[in-house]
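Undergrad: Below you'll find the structure I mean.
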Amino acid sequence: MELKKYKLGELTQVTRGASLGGEYYATQGNYIRLTCGNFDYRNNCFKENQSKDNIYYVGDFKEEFLLDKGDIITPLTEQAIGLLGSTARIPESGKYIQSQDIAKIDCNESLLDKNFAFYLISSACVKQQLSAAAQQTKIRHTSPDKIKDCTVWIPSLDVQKRIGRILTDIDNKIAINRQINDNLEAMAKQLYDYWFVQFDFPNEEGKPYKSSGGAMVWNEKLKREIPQGWSKGILSDVANITMGQSPDGSSYNEVGEGSIFYQGSTDFGLRFPAIRQYTTSPNRYANKGDILMSVRAPVGALNIANNDCCIGRGLSALSSKIGSMTHLYYLMNDFRLKFEGMNSAGTTFGSITKDELFNLPVVIPMKYVISEFEKVCKPIFDKQMIIGEEINALTKQRDELLPLLMNGQASVNYHLSVLFLSSLILYRDQYKFYDMKETIIQAVLDGMRAVLTDNELELLTDVTRKALSECEITPKFAEEEQRNKENAELLGAFISSKKVEGCSDKTIHYYKSSIEKLIATVKKNVCDIATNDIRCYLADQQEQRGLSKVTIDNLRRIYSSFFSWLEDEDYITKSPVRRIHKVRTDALVKEVLTDENIEVLRDSCQEIRDVAMVDLLLSTGMRVGELVKINREDIDFHERQCVVLGKGNKEREVYFNARTKIHLKKYLEQRTDANPALFVSLRAPHTRLTISGVEVRLRQLGKKVNLNKVHPHKFRRTLATMAIDKGMPIEQVQKMLGHVKIDTTLHYAMVNQANVKIAHRKFLN
């Protein structure tokens, strides 16, 4: 690849920003003044300035200093080592004012591609020249003239564009992944705050504990109220803590000898630390998966160890004593925010000692709350870890690719395919196959060569190339893979939100499989799916698979939830399911068991286990899923009651009659196995009965006496109907069945027609 030598001043206009008077700085306003704090120089991208409160400017300024989206900026002051030469793109037009510490880069687009310029200015070649020419004061400075005086070597404009597009695509993918992780982080943080700060974790009924009147107890040491059953402790009660210790400096190396070594927060990345050094004399270790916390300024910065490693005196390593790394991570993140608050308030917090760290006061929740939090947040945490690893892989790929392309060691067409083929296969959904345009042009020319003259062919070439210049063309397989990847990411984020809401694993699986089938059939980006696509899919499902109206309406509700979430998260403007109305279903009168049916079933049982099972289902009205979870110890024969675990992991008491008590006792007395389950298989090894096992057994009993459709739910419906017929208040029936909404109870309860006739004569005749 041929490179041509230029001064940056021949390729760009570099201008300094406005001098903005401090008296016009404000905490609110329409315009944000740019500072060096807007450069994420480690990742070479723009960031919002969170280090200052008075970021707004309310004075007058020239319109030329109000920047547009995509404008390239670079700092003129090195307030942190490595800042000079970094670049950033303005994310939004009409919002940011260029201050005097910021230079704007405008390209001569006939010589220099804008995307290529972004990476050229931040390349090692330019940074080294700026560093050498910087004024050697405590805080080093550069100037527009010094930037323009830098010497660079660049390829042709066409090659620049291809290089710029490839590097930009990688950065865009990194930015998307960071946004996904930020959204997941926000969800998990919000849940942690609800549960462990506001104490609104789900109680036994699934309601927010504190808001719904849960008992709070004053803790004198904490000087605040905490939930009943929780306790006050210190960090070392819930975490294993290892303080780092730096090995001998002579053992450090960068060639991979010995153990990975992290000195402090300077090694930290977005989620994982970056490997820079090794040591042959490790002192203190952290295990893979441990939380790494900075104990020297900035105190509280967090990363996750993605390898077994040695840690220096700037770090500590933490692992959970109570079985939840997610709870510990967000607990430490809460401490990090407190440390940052101390720093912003002017409190010196340069380091934290071992004793101070070990004795940080914490509230210790009850174990079941920790366990439930882990179930909900572990999938979110794991997803963040996977995305974080992908970000690191993409960043490494970009950083290795950048110098090779900039200095001509690699070319776009050949070396790129050879050196990075494996990574391109992994991430090709983000790349545009620009050479496809030339392939198409050549195919057109080959087809027309027999009927056109050379001049006409040349004209056709120019016209075709111009027509395609603003288009991006990808092979079909790449489009499909990109679509599938994007759809999977959106579906994954939606499923994570349902987990945070507390949906059961069964519900989550139903949602996921139903949406996946729709996406696979429609073959569109989910954001492009229209109302008619969903209507046609539902109609085809009903016709081809013979699905009932109830099932079709269930699918409609699932799709409504998914697309409403996409609308709420601003992925789409309007849910396509809004115009698809509820499916009208036939009001079927479902059968219940008569007294005769029940007696015949009991008589057909040859095993005392089956009699006990029939009696328990009929007298309690419990769900079959609740039945199979019951253990022997859950039965209280004295009070004739037991505790079951229902939907949403909610516990409730159910009650059984004297007949059930007698048959249960007989069944348990004859048991010789040690299985804690209440109902087990008849044959060794006497395993716990499953839902399908109970359903099959009841179906067999029904067939023996010519009773159709005998299943566990029919006993539940029978109990509800009997209770209503005998005058039990509907609210009590609701409580007995464990229904959240009374409407559900009314659907279960079948009113006997004979009772209607009697009531009519009693009240109306």
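Any read-out appearing in this document is the output of simple, stated calculations on the displayed coordinates, not a laboratory observation. Everything numeric in this text was worked out from a predicted model, so none of it was measured. Positions of Cβ are generated from backbone atoms using ideal geometry, with glycine treated the same way; all protein chains shown enter the neighbour counts.
Undergrad: What is the helix-to-structure angle for 157-192, meaning the angle in degrees between its Cα long axis and the longest Cα principal axis of the chain, kept from 0 to 90 and rounded to the nearest 10?
TA: Once rounded, one gets 40 degrees.
Undergrad: Under 20 Å from a point placed 7 Å out from the Cα of R602 along the Cα-to-Cβ direction: which residues of the stretch 668-704 have their backbone N that close?
TA: Within reach of a label on R602: 668-670, 698-704.
Undergrad: Here is a further query. Can you pick out the pairs among K210/K735; K321/K506; K221/K367 whose Cα atoms lie more than 24 Å from each other?
TA: K321/K506
Undergrad: Also, quick follow-up: About its Cα centre, what dipole magnitude does the stretch 608-711 give when the only charges are +1 on Lys and Arg Cβ and -1 on Asp and Glu Cβ, stated in debye to the nearest 20?
TA: Approximately 460 debye in magnitude.
Undergrad: Describe numerically, in nm with one decimal, the distance between label points set 7 Å from Cα along Cα→Cβ at A539 and at E356.
TA: 7.0 nm
Undergrad: Let me know the charge dipole size of the chain about its Cα centre in debye, to the nearest 20, where only the beta-carbon of Lys, Arg (+1) and Asp, Glu (-1) is charged.
TA: 2880 debye
Undergrad: Right, here's the next one. Which residue, chosen from L357, L235, A658, occupies the Cα position most advanced towards the positive end of the dipole of the chain, where the dipole is computed from +1 (Lys, Arg) and -1 (Asp, Glu) charges on Cβ about the Cα centre?
TA: Farthest towards the positive pole: A658.
Undergrad: Continuing with the same structure: Search the structure for amide H atoms under 5 Å from the amide H of C45, placed 1.01 Å from N in the peptide plane, and list their residues when 5 or more places away or on another chain.
TA: When sequence neighbours closer than 5 places are left aside, the close amide H contacts are D40.
Undergrad: So for S371, S681, fewest C-beta neighbours within 10 Å to most, what's the order?
TA: So the residues, fewest neighbours to most, are S371, S681.
Undergrad: Now for a separate question. Can you pull the Kirkwood radius for the stretch 478-568, inverse mean 1/r over Cα pairs, to one decimal in Å?
TA: It works out to 13.7 Å.
Undergrad: Contour minus end-to-end for V643 and K523, with contour as 0.36 nm per residue of separation and end-to-end as the Cα-Cα distance?
TA: Between V643 and K523, full extension yields 38.5 nm more.
Undergrad: May I ask you to derive the FRET efficiency for V463 and T672 from their Cβ-Cβ distance with R0 = 56 Å, giving the value to the nearest 0.05?
TA: It comes out at approximately 0.05.
Undergrad: In addition: If you rank D540, D149 by fewest surrounding Cβ atoms within 10 Å, what's the result?
TA: D540, D149
Undergrad: I've got another one for you. Please report the orientation-averaged projected area of the stretch 233-364, defined via the convex hull of its C-alpha atoms, in nm².
TA: 7.8 nm²
Undergrad: OK, next. So what J values fall out for the stretch 142-155 if you push phi through Karplus, 6.51 cos²θ - 1.76 cosθ + 1.60 with θ = phi - 60°, rounded to Hz, Gly and Pro as x?
TA: Listing the rounded values in order: 10, 8, x, 5, 5, 5, 5, 7, 5, 8, 9, 10, 10, x Hz.
Undergrad: Find, to one decimal place in angstroms, the Kirkwood hydrodynamic radius of the stretch 595-763, where the mean of 1/r is taken over every pair of different Cα atoms and then inverted.
TA: Computed over Cα pairs of the stretch 595-763, the Kirkwood hydrodynamic radius comes out at 16.9 Å.
Undergrad: Give me the mean projected area, in nm² to one decimal, of the convex hull enclosing the Cα positions of the chain.
TA: On the way: hull surface 199.2 nm².
Averaging across all directions leaves 49.8 nm² for the Cα convex hull.
Undergrad: What number of lysine-lysine pairs in the stretch 98-177 show an alpha-carbon separation below 15 angstrom, given a sequence spacing of 8 or more or placement on distinct chains?
TA: Step by step, the pairs that qualify in the stretch 98-177 add up to 6.
Undergrad: Relative to the present Cα-Cα distance, how much length would full extension add between Y24 and H581 at 0.36 nm per residue of separation?
TA: Full extension of this stretch gives 195.0 nm more.
Undergrad: Roughly how many debye, to the nearest 20, is the charge dipole of the stretch 233-364 about its Cα centre, given +1 on each Lys and Arg Cβ, -1 on each Asp and Glu Cβ, and no other charges?
TA: 140 debye
Undergrad: I'd like to compare 184-197, 324-337, 22-35: which one has the highest average count of other Cβ atoms within 10 Å, and what's the full order after that? Please report the intermediate quantities before stating the final value.
TA: Values: 184-197: 17.3, 324-337: 19.7, 22-35: 15.0.
Highest-to-lowest ranking by the protection proxy: 324-337, 184-197, 22-35.
Undergrad: Which Cα, out of G213, N525, T77, lies furthest along the positive dipole direction of the chain (beta carbon charges, K/R +1, D/E -1)?
TA: With unit charges placed on the Cβ atoms, the residue in question is G213.
Undergrad: A follow-up question, please. Given the peptides 494-505, 160-171, arrange them by the average over their residues of other C-beta atoms within 10 Å, most packed first.
TA: 160-171, 494-505
Undergrad: HN-Hα J couplings of the stretch 293-299 from phi, Karplus 6.51/-1.76/1.60, θ = phi - 60°, integer Hz, Gly and Pro as x?
TA: 10, 6, 9, 10, 2, x, 5
Undergrad: Given a Förster distance of 41 Å, report the FRET efficiency between E456 and E109 from their Cβ-Cβ distance, rounded to the nearest 0.05.
TA: 0.85
Undergrad: Counting other beta carbons within 10 Å of each residue's own, what order do T660, T531 fall into, fewest first? Write down the numbers at each step before the final one.
TA: Working: T660 21, T531 15.
Ordered by Cβ neighbours within 10 Å, fewest first: T531, T660.
Undergrad: Additional query: Scan around E225 for amide H atoms under 5 Å from its own, H built in the peptide plane at 1.01 Å from N, and keep only partners 5 or more places away or cross-chain.
TA: Excluding prolines and chain starts, which carry no amide H, the hits are N219.
Undergrad: Still on this structure, I have one more. Say R0 is 35 Å: what FRET efficiency, to the nearest 0.05, do K47 and E400 get from their beta-carbon distance?
TA: Calculated transfer efficiency: 0.90.
Undergrad: So, one more: Please list, in chain and number order, the residues 5+ apart from Q277 or on another chain whose amide H is under 5 Å from its amide H, with Hs placed from the backbone.
TA: Correct list: F261.
Undergrad: For the chain, find the longest principal axis of its Cα atoms and tell me its angle to the long axis of helix 608-620, 0 to 90°, nearest 10.
TA: 80 degrees
Undergrad: Now, a different point. Against the longest principal axis of the chain, how steep is helix 476-500, in degrees 0 to 90 to the nearest 10, with axes from Cα atoms?
TA: Long axis of 476-500 versus the principal axis of the chain: about 50 degrees.
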